[in-house]
Amino acid sequence: MTDSSQSEIGILPCPGGMSFAEKIISYLEAVSEEKFNERVDSLCRTYGMAREQIVRQVNLSMDLQPSRAETGGPVDRYRTPAYIVPAKYTRFPNGEFKTEILTSVRNMDVYVVQDVANAYPLQFQKSDGHSILSVNDHIFCLLVTIDAALQAGAETVTVVLPTFPYARQHKKKGRESLSAARFAQILEYFGVSRVITLDIHSREIENSFHRVRLENLHGAYQVLKVLAGVTDLKNENLVVVSPDTGAVDRNKFYASILGRPLGILYKERDYSRIAQSAENGNITNMRLLGSVEGRTVFMTDDLLGTGGTLIKAMKILKSFGAEKIICATSLPQFTGSAAESFDKAYAENMFHRIIGTNAVYHDESLLSREWYLSADVSGLFGRIIYRLHHHMSLSSLLDDRSVIKDLLKRT
């Protein structure tokens, strides 16, 4: 529906978040056309007018609005809103970033999209080569983009962070920084109105905000849709196992919604060591509570880094007689040599499949692997943005139990 409120949504992607933003925009374009057609059909029935005449009248009313006087376009069919906000990004030789917005965003609700876990080469100036940005590079690029939008007169700025950075540094064990809280406070200081993220590592981080609203989404429905393609969700032989005590609540949710038993792996870590890879981690011991002998195991965690936790968990479960192991992760970062470690584990029949989401960008080098399956959560973010902008309830999207139950009935 090309009304003024929809036209005031602006999606401003940082270079790292471009791929995810494009998928969000595709969803917004599809839903806006659907709503436009519903509105036109309703007006046709109410006033007994021809569809083409109604469409021309609606487009005329849009063109008469002072803020949309330059819209133009076809007068007798649907006009796709220009959701994307064009911008120029510069990375200087000393590493500094600059964002220049190339169109007016005054009084718009701007959604800045950034994938801070994107570890693939990006190009800024055409004359330059491609650069791999660190998490901190992505963060600072995000900050200058937020400021550029606010300096340009945006009504509100919402940050879309599929991966919330520093989320694992949410509590202190000694003389440590509360980095997750400090990053949250930086966003608030910059003037951000809202943050949308996926499966944040700890809900405690929300307490770091004073005014900013945190929308923490869950990709359980999208993951289960993919899982249903590789195993029977109603199989009595299926058991859910938590890879550690920190993931118990997440796996308890899956066990509850699927009606399956829950097992727990307890791991001991040596915190004097930093995990470098799956083979060189800091886990010293793991124990299993529950039975997996002869069963299909479904195991999920929020974040996959080096993969050490999952691979050690797979070995333990196999030693206890697990027949098939399927893992899922909301944020599949695959840092370091993680992908190669899973290649080796798959060749040794340690697991059947790993399901990740596209909240972290990956190219075909990972997506083409036989053992990896990707669940698309961009539509979930698109629905949240659409509902937020139109002041609609978010309840059914933040708690996806009802749609999961429908999925189970269908499968």
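The values are calculated or read from the model by the stated rules, or taken from the named source; none is laboratory data. Quantities reported herein were computed from a predicted structural model and do not represent experimental measurements. Using ideal geometry, Cβ is built from the backbone for each residue, glycine included, and neighbour counts are taken over all protein chains shown.
I need the full set of residues from region 110-122 which are more than 21 Å from I186 (Cβ to Cβ), touching a strand residue (DSSP E or B) at 6+ places or on another chain (Cβ under 8 Å) and in contact (Cβ under 8 Å) with a residue 12 or more places away in the chain, in order please.
Correct list: L122 only.
Hey, among the residues in region 124-171 that are of a type in the set (S, T, N, Q) and either in contact with a helix residue (DSSP H, G or I) (Cβ under 7 Å, 6 or more places away or on another chain) or touching a residue at least 24 places away in the same chain (Cβ under 8 Å) (or both), which one's surrounded by the most Cβ atoms within 10 Å (Cβ to Cβ)?
This residue is T145.
I'd like to check something: does region 3-15 contain any residue that is out of contact with any Gly (no Cβ under 7 Å at 6 or more places or on another chain), at pLDDT 95 or above and part of a loop (DSSP other than H, G, I, E, B)?
yes
Determine, yes or no, whether N235 is assigned to a loop (DSSP other than H, G, I, E, B) and either farther than 30 Å from I257 by Cα or modelled with pLDDT under 95 (or both). If you could, list the steps in order and put the result at the bottom.
On the way: assigned to a loop (DSSP other than H, G, I, E, B): yes; either farther than 30 Å from I257 by Cα or modelled with pLDDT under 95 (or both): yes.
Yes, satisfied.
Quick check on region 400-411: of everything there that is farther than 12 Å from K234 by Cβ and in contact (Cβ under 8 Å) with a residue 12 or more places away in the chain, which residue is nearest to the chain's Cα centre (by Cα)? Write out each step before concluding.
So in region 400-411, the residues farther than 12 Å from K234 by Cβ come out as 400-406.
After this cut, where a residue has to be in contact (Cβ under 8 Å) with a residue 12 or more places away in the chain as well, the list is 400-401, 403-405.
Values: D400: 15, R401: 19, V403: 18, I404: 18, K405: 22 Å.
My answer is D400.
Need a quick list: helices (runs of 4 or more DSSP H) entirely within region 286-393 having at least 2 residues that are crowded, with 19+ Cβ neighbours inside 10 Å.
Helices (runs of 4 or more DSSP H) meeting the threshold: 308-319, 338-347, 378-389.
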